[in-house]
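We did not get these values from a lab; they are worked out from the coordinates using the rules stated. These figures come from a predicted structure and were not determined experimentally. For neighbour counting, all protein chains shown are included, and Cβ atoms are generated from backbone atoms with ideal geometry for every residue, glycine included.
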Amino acid sequence: MQTPNVHKSRSFPWHILVFLAPAVIVYTVFMIIPLIDSLRLSLYAITPDHQEVFNGLNNYVVLLTDPRWSAAFQNAFWNNVKFFIVHMVVQNSIGLLLASLLVAGGRARSVYRTLIFAPTVLSVVIIGFIWNLILSPLWGVGEGILKAVGLGALFAPWLGLASSALTTLSLISVWQFIGIPMLLFYVALLGIPEELMEAARVDGAGGWTAFWRIKFPLILPTVGIVAILTFVGNFNAFDLIYTVKGAQAGPQFATDIMGTFFYRTFFGSQLQLGNPAMGATVAGMMLFIILAGVAVYLFFWQRRIATYDL
Amino acid sequence: MNKFFAITLLVAALALAACAAPPAQPTSAPPTAAPAAQPTSAPAAQPTTAPAAEPVTLTIESWRNDDIKIWQDQIIPAFEKSHPGIKVQFQPSAPTEYNAALNTKLEGGTAGDLITCRPFDNSLTLYQKGYLAKLNDLKGMSDFSDVAKSAWITDDGKDAFCVPMASVIHGFIYNQEAFDKLGLKVPTTEAEFFQVLDAIKKDGTYTPLVMGTADQWEAATMGFQNIGPNYWKGEEGRNALIKGTAKFTDAPYVDTWAELAKWKDYLPAGFEAIKYPDAQSYFALGKGAIYPAGSWDITTFNDQAKFKFSAFKPPVPNAGDQCYISDHTDIALGMNSKSKNPEAAKAFLEWVATPEFAEIYSNALPGFFTLQNAKVDLKDPVAKEFVSWRDQCKSTIRNSYQILSRGDPNLENELWRLSAGVINGTITPEEAGKEAQAGLDKWYKPQ
């Protein structure tokens, strides 16, 4: 029997389309289209009789220059920057430290690895609720624990004070997500060949020198990835603040970040009616801020650092 | 390899950013579960009536998730008994999420047949968008006074769109055992109020005043709107704000905040981080003496408190002053204009407008007082105490609700923030007045 040679004239590569289709369709319908529609909406104004009217870049001008809007926007933006800085400094450096300790070995390593990662998979609502209870001045165990170690005088209603609420929430978020940088660093550190470390030791490098001169330069790409993931995650953050402080992000908007500012503007809160056009504008600004951060990463960090094939 | 990585990241960043894009549904708005059709034994229970067609199921949207038991055990059975063939489901969501969730559901066409109406602009907007049906001709609407209907009517007073259900009254609930033990008398003036607080503080057994400011609204609603009407003379002051003849920088408003600022010393330690449910539980455990309350708290304390409690009205600044209370039109019921069962929904609304409903509702939920003209016999002693103030004092509603919260910044939200700030001690009463007025001046032209 003769087999027909179907591949003689190269037919259209349908299989590529078939394999791409699910991801492309889902991603387009649920991500790209809403994103573009949101950007479109940010260029419109909504009249009192609920008609959409093209408004150019006016919404952005209002958001950035009208004293009332710009004050709220700047407050949310700088709070978000603080939120990010706490994550960068505390979460990522402790994450690196934990990863180094894990790589160093020890019998309980896998137990710790699991325990430290555990909060990451919990629901944010549960995290918010638990920490609210721990820090509650009425029945929280926080005060009791501090008293037990003789530091009872240090206790304050941290979540309620304008001076400490944002830092407290940032640290709660750090506590929850520290497993992610830890695992990324851990994997990167595991990838460093043992010969390199042996060579360093032969050359007389101690643990400290070996880490900063050999290991750290080798995991720099991961440092960049962790930084950009933290950046994107933080400037999209919303749930923890909303769970603990509500849409008004009190006291005095001290915990208001871009996400809660967007939610309040778009959906409204209590008697305040939602303003979809301005809400979309805030969302647009969030997108631009995140794009700017990603651009810095791509065009400066990625091009500058040397990567080594191990 | 690097380039591939960069592109992946960029795409991931876009994906994450898209989560912030509005058309994505908010996580707080769970999709309406389709009301499970219940082919129950309703026709069988009423063998004499004509074999009813398929029983119709009505769904009620509400933010009163605290009341789910009362609706299911008392109100709905009473209705279903007299209206065989109609089944009713009460489907509440959390109060803070209700407005956003309801809007999303209405836009998506998945909202229930009956909509619990917030007072004033929230519902007015829903009506203007065509989501709520006009109820001018509904049987029983004439049994409500104009004041009762004022929160659910167009600005020109022509079209009503929700049947008024209840108002809530503000005051102070106190622990009677604590008062008896310390030999204290209910204060009637502001000076007496602080004497009582001082005496409780000196004794040390009880926290004098139980409230937190973490959720911010307590400070405004149970604080500012509770004691304020005595200062701004109720309706007189409220209308003056709308007319523009009074300002938040005037003495009555600054004085109200000045009195609130004095509460700080009597609140539990760490009140800045105490949330509303925590304050409720703390008082219900008998650890506090006085609780700035809304009458809706009665139900909670009836369930939880093991001690006797009663209530007193907001003390007046000087002995002999006319007293004013906040008797706030709070809750009503309207009809989804896109309801698939308009006749059944109308029947339910007509029933809500009857004295029968008023009687069941007011007694099942002591603290929610019917707005009907007909007198309703209340059985709960504390609810009776609250409602008795209607005869002694002049009633008003919260001053930020009508018209004044239409713009941006939103006055109600500003009052939350400022009142909480005043109690926390981070804002002075004068600053609060200035900020509230400045916010209002930004957009409001007096009428």
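Per the conditions (1) more than 18 Å from residue B:247 (Cβ to Cβ); (2) more than 7 Å from chain A (Cβ to nearest Cβ); (3) crowded, with 23+ Cβ neighbours inside 10 Å, the sole criterion not satisfied by residue B:395 is (3).
Enumerate the pairs (first residue in region B:373-393 and in contact (Cβ under 8 Å) with a residue 60 or more places away in the chain and more than 21 Å from residue B:140 (Cα to Cα); second residue anywhere and of a type in the set (Gly, Ala, Ser) and part of a helix (DSSP H, G or I)) with beta-carbon separation below 8 Å, excluding pairs fewer than 6 apart on the same chain, so at least 6 apart or on different chains. Final answer for the pair search is B:383/B:362.
Taking the criterion of being among the small types (Gly, Ala, Ser), away from every other protein chain (no Cβ under 11 Å) and in contact with a helix residue (DSSP H, G or I) (Cβ under 9 Å, 6 or more places away or on another chain), the only residue of region A:25-63 that qualifies is A:45.
When we screen B:439, B:433 for residues that are within 14 Å of another protein chain (Cβ to nearest Cβ), touching a helix residue (DSSP H, G or I) at 6+ places or on another chain (Cβ under 7 Å) and either over 27 Å from residue B:67 (Cβ atoms) or in a helix (DSSP H, G or I) (or both), the only hit is B:439. When region B:109-131 is filtered for residues that are over 16 Å from residue B:370 (Cβ atoms) and away from chain A (no Cβ under 14 Å), the ones remaining, listed by number, are B:109, B:110, B:111, B:112, B:113, B:114, B:115. Could you check, for region A:275-292, whether at least one of its residues is within 9 Å of another protein chain (Cβ to nearest Cβ), buried (at least 19 other Cβ atoms within 10 Å of the Cβ) and not in a helix (DSSP H, G or I)? Scanning region A:275-292 turns up at least one residue that is within 9 Å of another protein chain (Cβ to nearest Cβ), buried (at least 19 other Cβ atoms within 10 Å of the Cβ) and not in a helix (DSSP H, G or I). Taking residue B:246 as meeting all but one of (1) part of a loop (DSSP other than H, G, I, E, B); (2) within 14 Å of chain A (Cβ to nearest Cβ), write down the number of the exception. Against the list (1) part of a loop (DSSP other than H, G, I, E, B); (2) within 14 Å of chain A (Cβ to nearest Cβ), residue B:246 comes up short only on (2). Pairs meeting the criteria (first residue in region A:59-76 and more than 17 Å from residue B:407 (Cα to Cα), second residue assigned to a helix (DSSP H, G or I) and among the small types (Gly, Ala, Ser), beta carbons under 9 Å, at least 6 apart or on different chains) are A:60/A:284; A:64/A:70; A:76/A:259. Sort out which residues of region A:130-146 are aromatic (Phe, Trp, Tyr) and under 14 Å from residue A:168 (Cα atoms), and write them in order of number. Selection gives A:131 alone. Taking region A:270-306 as the range and being out of contact with any Gly (no Cβ under 8 Å at 6 or more places or on another chain) and small (Gly, Ala, Ser) as the test, the residues that pass are A:277, A:279, A:280, A:283, A:284, A:292, A:293, A:295, A:306. Out of B:104, B:154, I need the residue that is within 13 Å of another protein chain (Cβ to nearest Cβ) and of a type in the set (Val, Ile, Thr). Which one? B:104 is the lone residue from the list that is within 13 Å of another protein chain (Cβ to nearest Cβ) and of a type in the set (Val, Ile, Thr).
The helices (runs of 4 or more DSSP H) falling completely within region A:115-233 that include 2 or more residues that are farther than 24 Å from residue B:212 by Cα map to A:165-177, A:179-190, A:194-202, A:207-210. Checked against (1) over 21 Å from residue B:235 (Cβ atoms); (2) in contact (Cβ under 8 Å) with a residue 40 or more places away in the chain, residue B:136 meets all criteria but (2).
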